[in-house]
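Since the structure comes first, as structure tokens, the remarks are kept for the end.
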Amino acid sequence: MANTLLVDRELLDPALLDTQEPSSAIRRYRNALQQAHQVLFSRFRKGEDIYALLKARAAVVDHILRHAWCSLQLHQEPLLSLLAVGGYGRAELHPHSDIDVLVLHDLPSLTPDLEDRISRFITLLWDLGLDVGSSVRSILECASAAREDITIATNLMESRTLIGHESLRQRMLDTTSPQHLWTGKDFYCAKLAEQKERHSKHNNTEYNLEPDIKNAPGGLRDIQMVGWVVKRHYHASTLHDLVEHNFLTEQEYMQLDACQTLLWRIRFALHCIAGRAENKLLFDYQRQVAEMLGMQDEPRQRAVEQLMKQYYRSAMLISTLNEMLLQHFDENILGEDDLTAIEPVNGRFQIRNHHIEVVHPGVFRRYPSALLEIFVLVCNTPLVRGIRASTIRLIMQNVDLIDDGFRQDLRHTSLFIELLRSPHALFRTLRSMKRYGVLGRYIPAFGAIMGQMQFDLFHIYTVDAHTLLLIKNMRRFRYPDVQDRFPVVAQVAHNLPKIELLYLAGLFHDIAKGRGGDHSELGATDAFNFCIQHRLSSWDAHLVAWLTRNHLIMSMTAQKKDINDPDVINEFAVKMGDTVHLDYLYALTVADICATNPTLWNSWRASLLRQLYQQTHRALRRGLGNPIDKSEWIEETRLTAMASLSSVGVDEQAVTDLWNKLGDEYFLRETAKDITWHTQAILQHGNSEAPLVLIRETTQNRFLGATQIFVYTNDQPNLFAATVAALDHLRLNVLDARIMTSASRFSLDTYIVLDENNERLTDMTRLRDIQLALTQTLAQPDRFPEIVKRRMSRQMRHFKVKTEVLLSNDIVHQITVVEVVTLDRPGLLARIGKIFMEHGVNLRTARIATLGERADDVFFLTDRMMQPISDPALCTRLAETLKQQLDQDF
């Protein structure tokens, strides 16, 4: 009946379908499909039951396929049937879902006439614009194909007869049943392997920024996976049959059904918006899907964030139920013939075949502390591989016991701290606690951030997923196999006196996100109260709160300040106070960056933090009352560089004469190795008027893995603008820029670059081309290249970062600081450089930082007299021009 409500009856009236004129039939079929689509979309927007809409679309397609089948007289063939298979077989048809059909027969072979008519039938479906997946097989061929391919076997299980004799399908099902191929155990193992492979393609996480709602962990396939196993092994026809088999409770079934409904609605909306079978919830569609599902922006949460939070929570619940059900199947299907080995643990728990379980169903009600105790046992018993499915269910059913009284109980606070001190599987255990609802109940603030995403490209995980990954990184620092990747922080983490304090800072560092206000300050308050509640000492509680409050300060200092400046190091050392605070913060910072976005951690970012840590550690060991002196720093650098130059026969007097023209700033900002490199090249260059361009892989610890470009040439106002424009033409990304002018009016500029994919430059031919191109450009910098206009990436186009410009004068260093926050894009730095040139200001140095879609760059400027910019009108014009020109693309 559904199709009669969607399509005008006369469009599919057999009496009006002219089988002699295929074009007329095709037109009517197409009109019917278009009309059905419009009606379905209208009903979807009104919030009608999604399952009914999917069934209704399947019914319309059924009707058209039957008409087309009959129009070719195929219904008159007694040993021929048309079957819907796969998703179409389940009658779950989204607007652009594939129409998978099987032409099933029981003939020795098809006659040419029959083959021709079947071919015309399939062609007709394609002419209608349907995405058809078709196969033509005999019953025996179905069995042979299913035996070779688990996917075919699965599709055949989900078949239904559209037209023809049902007996053919029943014989096919019998021939492909577990009695003949793919036994219940074999089928389960194959589908489990298939799921693991599928999950691995999506990073084994439910929390991708642009999730595939069909195939990713927690997607529709995970629900279907359970249904396939149930159908194959237990001969059940619906998911609800799991309740009758005691694998699901009625409440769990309702939760699973609600999650499936949400994913269906999202998928339906995606198909409508994209106009094709789209399963990835791309940035391109997220806002529109949220709007289509009736969500609106709220003061603290945008509509798109509401959508994604609902999605992530549903995906996590699906994954949890999938995990529990597969554990049930594993115990019942794979373990049905195994000998049972039971090892008592205590009066509440025992280990059955390496999985811990309660000794009776009432354990948690009688001993609520067991809700934490079981996880402490998992972390302290290497023999335990996991928790039995029946016990997982009991945990989820009893989390309501965790209330304020439970959280204040000394037994429970002691168990939680014991958990953090456990030697094994902490990350895996905390993740299980989150999945089963325990962690969010025990720390309500953590429950509030579960599934919370941030609509940007910097944070690629939800807040809760990021937090647990951070703790996983902290654990890894203490493993021997990470010494090569994290040589310094691994040693630091290993020597921390109380590792649980680091884990607590990790748990609380982002816990206040989404509340409004400064999440670092709010989180510090939560962390301190939690520590005091858990009977930690006042010193420990203050340390955890300090780490939470200051968890961003180390990365921001490394990225935005000149850590070659002794004053910066001394200032940072004062903030640390002692090496204990520095050690904890260093470990927290590295773990945080690695857990925010895997692409953020590379050799140059690692060396950046390592240099800041080591120099601050040195300053703290000297004592805050004995800070590093600039003159001492300069003298040490000069002596080291002179020794290197003398060892290769460079004339010391020539070196001294050159250095006397360069000024102290050069020796503060450059390393002894780079000074040696520069000096040799400048002396060899002589009095040539041509620009000197040097290129090599940087030796600076803070940028290891990047390429260093050194430019020595006559100073000119537009030199920086010309250089960065040329670098942009060469598709290079600038990580750092240091611009210095000697007393003799020569510019000594250093640029640290990577290629357009943020990879190191290794091709020698390309390096020579870069050197030549820069030399030619800088010979006539007033004719620098036009700013490149390249297309932004697909993801970038969906973000609008309004440009912010902050100007301030640094009296101590006699320089103007300009901070620019804007949307990252090709040619950005060249455009900013051109604006500086047009306003007659000189760039002294720059700190370049790209965080996802946001460029957060700091520029240090002077006026033409090499003084801080003191003209208020010029400051205003500069700021307004930056904002106007950088925002004109939107």
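Read-outs: derived from the displayed coordinates by stated rules, not from any lab. These numbers come from a predicted model, not from an experiment. No Cβ is skipped: glycine too gets one built from the backbone with ideal geometry, and neighbour counts run over all protein chains shown.
Key figures
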item: Magnitude of the charge dipole, the range 188-239, Cβ model with Lys/Arg +1 and Asp/Glu -1, debye to 20; result: 260 debye
item: Span per principal axis, largest first, for the Cα atoms of the range 606-674 (Å); result: 38, 27, 18
item: Selected from VAL243, GLY451, VAL648, residue furthest toward positive end of dipole (the chain; charges at beta carbon); result: VAL243
item: Equivalent ellipsoid dimensions for the range 572-691 as semi-axes, Å, which come from the Cα gyration tensor, largest first; result: 35, 20, 11
item: Contour excess over end-to-end distance, with Cα ends at SER808 and VAL650 and 0.36 nm allotted per residue; result: 52.6 nm
item: Unit charges on C-beta of K, R, D, E only; dipole of the chain, Debye; result: 840 debye
item: Dipole of the range 363-520 [Lys/Arg +1, Asp/Glu -1 at C-beta], most positive-end residue of ALA490, THR391, PHE416; result: THR391
item: Principal axis box of the range 632-726, alpha-carbon based, largest edge first, Å; result: 37, 32, 24
item: Where labels lie 7 Å past Cα in the beta-carbon direction, separation of GLU115 and HIS494 in nm; result: 7.1 nm
item: Prolate/oblate/rounded call for the range 565-641, Cα gyration tensor, a/c under 1.5 rounded; result: oblate
item: Cα gyration tensor category, rounded, prolate or oblate, for the range 87-172 with a/c compared to 1.5; result: oblate
item: Pairs of Cα atoms farther than 13 Å apart, the range 129-181, %; result: 60 percent
item: Magnitude of the charge dipole, the range 637-721, Cβ model with Lys/Arg +1 and Asp/Glu -1, debye to 20; result: 260 debye
item: Å³ per residue enclosed by the Cα convex hull of the range 474-523; result: 90 Å³
item: Cα-based Kirkwood hydrodynamic radius, the range 141-239, one decimal, Å; result: 14.6 Å
item: Radius, Kirkwood style, for the range 173-299 when every pair of distinct Cα atoms is counted (Å); result: 16.5 Å
item: Overall dimensions of the chain as given by Cα atoms, namely Rg and Dmax in Å; result: 33.7, 106
item: Where labels lie 7 Å past Cα in the beta-carbon direction, separation of GLU141 and GLN680 in nm; result: 7.4 nm
item: Degrees separating the helix 220-234 axis from the principal Cα axis of the chain, which is the longest one; result: 40 degrees
item: Exposed-loop-free span, longest in the chain, where GluC sites (Glu not before Pro) count as exposed if DSSP calls them loop and at most 16 other C-beta atoms lie within 10 Å; result: 337-688
item: Average projection area in nm² (convex hull over Cα atoms of the range 413-548, one quarter of hull surface); result: 8.6 nm²
item: Mean separation of Cα contacts under 8 Å (6+ apart) over length of the chain, as relative contact order %; result: 6 percent
item: Estimated vicinal HN-Hα couplings, Hz - the range 396-412 in sequence order (Karplus 6.51, -1.76, 1.60; Gly, Pro = x); result: 5, 7, 10, 5, 5, 6, 7, 10, 4, x, 4, 5, 8, 5, 4, 4, 6
item: 15 Å beta-carbon shell around VAL544, net charge (K/R +1, D/E -1); result: -3
item: ALA690 versus LEU639: modelled label distance in nm, points set 7 Å from Cα along the beta carbon direction; result: 3.9 nm
item: Translational diffusion coefficient (Stokes-Einstein; Kirkwood radius from C-alpha pairs) of the range 657-700 at 37 °C, 0.692 mPa s, in µm²/s; result: 284 µm²/s
item: 5 angstrom amide H check on LEU735, placed H, neighbours 5+ away; result: ILE752, VAL753, LEU754
item: The range 33-124: relative contact order as a whole-number percent, Cα under 8 Å and 6+ apart; result: 27 percent
item: Cα lying deepest toward the dipole's positive end in the chain, options ASN597, SER432, ILE50, charges on Cβ; result: SER432
item: Rounded to whole Hz, the Karplus (6.51, -1.76, 1.60) HN-Hα couplings of the range 823-835, x for glycine and proline; result: 6, 5, 6, x, x, 4, 5, 5, 5, 5, x, 5, 5
item: Around GLY623: net Lys/Arg minus Asp/Glu count, Cβ-Cβ under 14 Å; result: +1
item: Cα gyration tensor category, rounded, prolate or oblate, for the range 345-451 with a/c compared to 1.5; result: rounded
